[in-house]
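Only one structure is covered here, and it is reproduced in the block below.
The values are calculated or read from the model by the stated rules, or taken from the named source; none is laboratory data. No experiment lies behind these values; they were computed from the predicted model shown. Positions of Cβ are generated from backbone atoms using ideal geometry, with glycine treated the same way; all protein chains shown enter the neighbour counts.
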Amino acid sequence: MNGEITSQRKKENVVEAGRIAYIVMDEIKKLVKPDKPVIEVCEYARERIHELGGKQAFPCHVLMDNIAMNYTSNAGDETVIKKDVMVSVDLGVHINGYIGMTAKTLCIDPRLKGIDKVVDDSMNKVMKSIWDGIFPSKIITTIGDTLKEWGYKPIRNLLGHRLGRYILALDILSRDNNAQIEEGDMCAIYVSAVPLTAMGLVTEGPPSNIYFLKKKSRSLRSSTTKRMFNFIEKEYHPFPFASRWVLNEFPGPEGVSAFSEILGAGCLHAYPQLIEKSYAPVAQAQHTVIVTKEGCIVTTLPEH
């Protein structure tokens, strides 16, 4: 809030993060197809982001059917993209802590053909409705009204959030949030569409294989555990990370034991999958914007 983007250098970092996120998402479109291993999509995103000069703001999510947020492969994951399911990819990039986030539905259940165009149309209208001083409730109304025209509804507790430097969520966009969006704010805007018969809410599901380092502990005993903790803190904090990233650096039973010790000591927050409460398939789009006096800059699209 309060004009987070206050200098040209900061703006350049945000725009570059968004540019990389757009490029990687555009390339991933060609990878997402039936029988493709999910871990290959996740690792492609990671490697490509690094090649382009960015760092991951969170692990790449590959989301199938009713999983709306938070799933990445664990080490050795054999999950493949299934035929005739809804598949979305969600990824984030940061440059010096300034974040670009984007998500897109890339594989469509034939029974819901065209729903990807619905979320894209809704997102385009939302982008045109954002300016300095707008309230989150106005954005949320635009999302709901646009989806309703197409015969869908939004997920009411998955609508977006303000971003800060090294902070993925300064606050959540909701009807209860009365803080105006101001010039210079960075926001991640979500449009998630489900059928009208769905509940339109997400609830916590199984583990996602995504973690966040939340505190130190004096109780860590083994040298491997201490080295692993220091590695996580140096390489990933303050952003979320995938367990497989760590276990690839500390392979074998000793690494698994060390990770379990860090988790058991309360040092890590484990993100759950977020599942649509009535198990409806979820289509989504997400973009990152910088709010201006009379509109917004969409950093995760090429025409900004």
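Remarks
- Looking only at the range 246-274, residues that are outside any strand (DSSP E or B), touching a residue at least 60 places away in the same chain (Cβ under 8 Å) and either out of contact with any helix residue (DSSP H, G or I) (no Cβ under 8 Å at 6 or more places or on another chain) or of a type in the set (Lys, Arg) (or both) come to 1 in all.
- Criterion violated by Leu274 - all others in (1) more than 17 Å from the chain's Cα centre (by Cα); (2) closer than 28 Å to Glu233 by Cα; (3) among the hydrophobic types (A, V, I, L, M, F, W, C) satisfied: (1)
- Flag set for Thr288, criterion: assigned by TED's automatic domain parsing to the domain that holds Gly184, among the β-branched types (Val, Ile, Thr) and at pLDDT 95 or above.
- Qualifying residue in the range 212-225 (condition: among the β-branched types (Val, Ile, Thr), closer than 23 Å to Glu78 by Cβ and either out of contact with any strand residue (DSSP E or B) (no Cβ under 9 Å at 6 or more places or on another chain) or at pLDDT below 95 (or both)): no
- Applying the criterion of being in contact with a Ser or Thr (Cβ under 9 Å, 6 or more places away or on another chain) and not in a strand (DSSP E or B) to the residues of the range 229-245, the residue that is farthest from Val87 (Cα to Cα) is Phe229.
- For the range 94-113, the set of residues classified as assigned to a strand (DSSP E or B) and of a type in the set (A, V, I, L, M, F, W, C) consists of Ile95, Ile99, Met101, Ala103, Leu106, Cys107, listed by residue number.
- Any chance Arg218 is assigned to a helix (DSSP H, G or I) and surrounded by fewer than 18 Cβ atoms within 10 Å (Cβ to Cβ): no
- The range 41-61: number of residues that are out of contact with any strand residue (DSSP E or B) (no Cβ under 6 Å at 6 or more places or on another chain) and either surrounded by fewer than 15 Cβ atoms within 10 Å (Cβ to Cβ) or among the aliphatic types (A, V, I, L, M) (or both): 5
- Taken together, the residues in the range 275-304 that are part of a strand (DSSP E or B) and of a type in the set (S, T, N, Q) amount to 3.
- Filtered residue count, the range 73-90, keeping only those that are part of a loop (DSSP other than H, G, I, E, B) and under 11 Å from the mean Cα position of the chain (by Cα): 0
- Total residues in the range 228-251, condition of a type outside the set (Asp, Glu), loosely packed, with under 14 Cβ neighbours inside 10 Å and out of contact with any Leu (no Cβ under 7 Å at 6 or more places or on another chain): 5
- Odd one out for Met86, checked against (1) modelled with pLDDT under 95; (2) surrounded by fewer than 22 Cβ atoms within 10 Å (Cβ to Cβ): (2)
- In the range 51-67 there is at least one residue that is in a helix (DSSP H, G or I) and under 27 Å from His237 (Cα atoms).
- Residue in the range 188-209 that is under 30 Å from Trp150 (Cα atoms) and charged (D, E, K, R) present: yes
- Unmet requirement for Ala265, which otherwise passes all of (1) aliphatic (A, V, I, L, M); (2) farther than 27 Å from Ile23 by Cα; (3) not assigned by TED's automatic domain parsing to the domain that holds Pro240: (3)
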